[in-house]
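The values are calculated or read from the model by the stated rules, or taken from the named source; none is laboratory data. As the structure is a prediction and not an experimental result, all values here were calculated from the model. Please note: Cβ atoms are built from the backbone with ideal geometry, for glycine as well, and neighbour counts cover all protein chains shown. Side chains included, ligands, DNA and RNA excluded: accessible areas come from the protein's heavy atoms. Shrake-Rupley method; radii C 1.70, N 1.55, O 1.52, S 1.80 Å.
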Amino acid sequence: MSFSCEVKEELSTKLDGARHCRIAFLAALFHQNGLILQEGVGIRTENRALADAFVLCLKKTDVQSVDRREDEKGRETILLTDPGEAEVLLLAMRMEEVLKGRKSFQELSIDRFLLQKSCCRKACLRGIFLTSGSVSDPQRSYHLEIVCPTEADADLCVDLLRSLGFDGKTVRRAKRLVVYLKEGGQISDCLGFLGAARSLLKLENARVVRDIAGAVNRKVNCETANLMKTVTSSVRQVGDIEFLKSRIDFDSLPESLRQAASLRLSLPEGSYQELSDASVPHVGKSGIHYRLKRLSEMAEKLRGSG
């Protein structure tokens, strides 16, 4: 099972206590998946978690006449078969125009009157995610998205996220708009906010592992770069010293430079700290660096003079 499916399965068991929150949740489900048949109104979906959440919420919202069936393609159709119960629910969701045959559920927008309270906005966002959201496996990347069929849907989704403290962004993909979160911390907070505690824990564990692996890689890369820098510098310094020895009377150089040259030749791959530790009498790292630099400058000057 994908991580996205795990999140949705967990969210399908979350039921809001207040009726107004359940109405906002059901409005999101009807808007995306609602249909009108001769037998009644309801939803059709291939997502079992969504179907389970829909039925559970209906039962807790005083809708008892529910017919649930599955076709040969694995799609579930869940209908409210009592006209009176359907009418009461549609009026509560401010979708009565469906009853009059003027618009489909998809043509209607989720009425913002239902979203005045933050708890209702959270319930609505949970419903939207169940119908058209997904989240990537945190072991690979951090990405949560909601596919929106219209610009109005995308605007509502962004507004919901931002009103709840999340920085939703929008991008166009083919003929649809996608609202997304990319930052791991925000995705983690969003899952926790919607009620997916187990999924949140799994994501946080994956984040810790990825962060540790990233820190180790950065440290290894940094140490490798420093080692390469040290080796490159050492090779150049050994070459400069050998060049000077072939061109000048090396014994005429000051003792300090001859000592630095001797240390470098004896420890051709040593760091400045290692050269400093091996020096007798003791010379600090900066002193070793300065003396080897002097020798390289002398060699460069000599090469330039032909």
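Okay, residues lined up against (1) under 16 Å from L35 (Cβ atoms); (2) open to solvent by 50 Å² or more (accessible area, probe 1.4 Å):
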position	(1), (2)
R69	yes, yes
K103	yes, yes
C124	no, no
S141	no, no
I146	no, no
T150	no, yes
Exercise. Would you call L156 closer than 23 Å to R22 by Cβ and in contact with a Phe, Trp or Tyr (Cβ under 9 Å, 6 or more places away or on another chain)?
Worked result: no
Exercise. Tell me, which residue of region 204-238 that is touching a residue at least 40 places away in the same chain (Cβ under 8 Å) and in contact with a Ser or Thr (Cβ under 9 Å, 6 or more places away or on another chain) is farthest from L295 (Cα to Cα)?
Worked result: R207
Exercise. Got a sec? Which of I36, I78 is in a strand (DSSP E or B) and either out of contact with any Asp or Glu (no Cβ under 8 Å at 6 or more places or on another chain) or loosely packed, with under 13 Cβ neighbours inside 10 Å (or both)?
Worked result: I36
Problem set entry | Close pairs (9 angstrom Cβ cut-off, 6 or more residues apart or separate chains): touching a residue at least 40 places away in the same chain (Cβ under 8 Å) and surrounded by 18 or more Cβ atoms within 10 Å (Cβ to Cβ) in region 273-301, in a helix (DSSP H, G or I) and among the hydroxyl-bearing types (S, T, Y) anywhere | L292/S233; L292/Y272
Problem set entry | Failed item in (1) within 27 Å of Q139 (Cβ to Cβ); (2) at pLDDT 80 or above; (3) open to solvent by 80 Å² or more (accessible area, probe 1.4 Å), with N221 passing the rest | (2)
Problem set entry | Breaking point among (1) in contact with a strand residue (DSSP E or B) (Cβ under 9 Å, 6 or more places away or on another chain); (2) modelled with pLDDT of 90 or more; (3) under 18 Å from H143 (Cα atoms), for R162 | (1)
For this session: Give L90, L108, L115 a once-over and let me know the one that is buried (at least 17 other Cβ atoms within 10 Å of the Cβ), out of contact with any Leu (no Cβ under 8 Å at 6 or more places or on another chain) and either within 24 Å of E9 (Cα to Cα) or modelled with pLDDT of 90 or more (or both).
Result: L108
Exercise. Within region 59-66, is even one residue in contact (Cβ under 8 Å) with a residue 60 or more places away in the chain and either open to solvent by 30 Å² or more (accessible area, probe 1.4 Å) or hydroxyl-bearing (S, T, Y) (or both)?
Worked result: no
For this session: Among the candidates D71, D52, D62, single out the residue that is charged (D, E, K, R) and within 32 Å of the chain's Cα centre (by Cα).
Result: D52
Exercise. Does D159 meet the test of being surrounded by fewer than 21 Cβ atoms within 10 Å (Cβ to Cβ) and more than 16 Å from the chain's Cα centre (by Cα)?
Worked result: yes
